Amino acid sequence: MYAPEANLAFKTTTKLLDALRDFADEPSWAQIDSRFRPVIVGLSRRLGLSQTEAEDVAQQTLSEFVRAYREGRYDRTKGRLSSWILGIAHHWAVRARRRAGREGPMPAEGLASVSEDPELRSIWRDERDRCILARAIAALRDQSDVDDRTLLAFELAALRGVPVSEAALQAGMSVDQVYVAKSRLTRRLRSCVEELTAAFEEDA
C-alpha cells in the first residue's frame with residue numbers, strides 16, 4: 001500500500017534501535033533522524049529559539065545521541081528514548097538561550113529530570129503529533145491506489161476546509177464523490193496516524 005521509502009516510517013523505534021547495532025545501517029539512522037529532528041526543532045522554537053538556533057539544537061542533540069549509542073552509553077532499560085532525547089534537546093536549548101543572552105528561566109530548569117515538567121512534556125507531545133500528522137498525510141499521498149482527483153478532493157474538503165461544492169468543482173467530481181472521498185481517506189489518515197504514533201512511542 002505504501003511506497004518502500006514510506007514503509008520504514010512505520011517501523012517501531014524499538015526495531016530501529018535494534019537495527020542500529022549495525023552502524024552501517026544508514027536507512028535506520030536516517031529514519032531516527034527524520035523521526036526526531038522536526039520534533040526537536042519545533043520544541044526549540046516553542047522554547048524561544050530562532051529557526052537557525054533550533055536547527056543547531058537538533059543537530060547537536062542527534063549528534064550526541066549517535067555518539068552515546070555507539071559508545072554503548074544509552075541504556076534502554078532506564079527510560080524511553082523520547083524522554084532521553086528530550087533531555088538532551090532541553091540541555092542544548094538552555095545553552096543556546098544563554099549564549100544569546102536571553103533572560104528568564106525555561107521549563108524544567110532546576111529539575112533532576114525534564115520528564116517531571118508537564119509543560120515541557122506537553123510541548124514535546126504537541127510537536128510530535130504535528131510531525132506525525134504531516135508524515136501521515138505524506139504517506140497517504142504515496143499510496144498507489146489513491147488517484148489524483150480523489151486526493152485533491154480530500155485535501156480541499158478535509159484538510160483545507162474548502163466547501164464540498166467548491167472542492168467538487170476543482171477536482172472535477174460530483175458532490176457525492178467528494179463526500180465519499182473525504183470519508184474514506186479520513187479513515188485511512190486516522191489509521192495512519194495511529195500506526196505512526198504507535199511506532200514512534202514503542203521504544204521500551
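The values are calculated or read from the model by the stated rules, or taken from the named source; none is laboratory data. In this text the structure is predicted, and so the values were computed from the model without any measurement. Backbone-built Cβ (ideal geometry, glycine too); neighbour counts: all protein chains shown.
Worth pointing out:
- Failed condition for Gly72, given (1) among the small types (Gly, Ala, Ser); (2) modelled with pLDDT under 85; (3) farther than 23 Å from Cys192 by Cα; (4) assigned to a helix (DSSP H, G or I): (4)
- Failed criterion for Leu133 (all others in (1) crowded, with 17+ Cβ neighbours inside 10 Å; (2) in contact (Cβ under 8 Å) with a residue 24 or more places away in the chain; (3) in a helix (DSSP H, G or I) hold): (1)
- The number of residues in region 154-175 that are surrounded by 18 or more Cβ atoms within 10 Å (Cβ to Cβ) and either among the charged types (D, E, K, R) or not in a helix (DSSP H, G or I) (or both) comes to 3.
- Among residues of region 67-81 that are within 19 Å of Val114 (Cα to Cα), those with a Cβ under 8 angstrom from a residue that is assigned to a loop (DSSP other than H, G, I, E, B) and among the charged types (D, E, K, R), sequence gap 6+ or separate chain, pair up as Arg76/Asp203; Arg80/Asp203; Leu81/Asp203.
- Scope region 12-32; condition closer than 16 Å to Glu64 by Cα, modelled with pLDDT under 80 and loosely packed, with under 14 Cβ neighbours inside 10 Å; matching residues: Phe23
- Which listed residue is touching a Lys or Arg at 6+ places or on another chain (Cβ under 9 Å) and without any contact (Cβ under 8 Å) to a residue 40 or more places away in the chain, from Ala158, Ala199, Ala168: Ala158
- Single unsatisfied condition, Ala9 versus (1) crowded, with 16+ Cβ neighbours inside 10 Å; (2) modelled with pLDDT under 80; (3) under 27 Å from Glu116 (Cα atoms): (3)
- Test result for Glu64, surrounded by 14 or more Cβ atoms within 10 Å (Cβ to Cβ) and either assigned to a loop (DSSP other than H, G, I, E, B) or touching a Lys or Arg at 6+ places or on another chain (Cβ under 9 Å) (or both): no
- Matching entry among Arg35, Arg80 (being surrounded by 15 or more Cβ atoms within 10 Å (Cβ to Cβ), under 15 Å from the mean Cα position of the chain (by Cα) and not polar (S, T, N, Q)): Arg35
- Qualifying positions in region 176-187 - surrounded by fewer than 17 Cβ atoms within 10 Å (Cβ to Cβ), touching a helix residue (DSSP H, G or I) at 6+ places or on another chain (Cβ under 7 Å) and of a type outside the set (S, T, N, Q): Tyr179
- Residue in region 139-153 that is more than 14 Å from Ser82 (Cα to Cα), basic (Lys, Arg), modelled with pLDDT of 90 or more and surrounded by 14 or more Cβ atoms within 10 Å (Cβ to Cβ) present: yes
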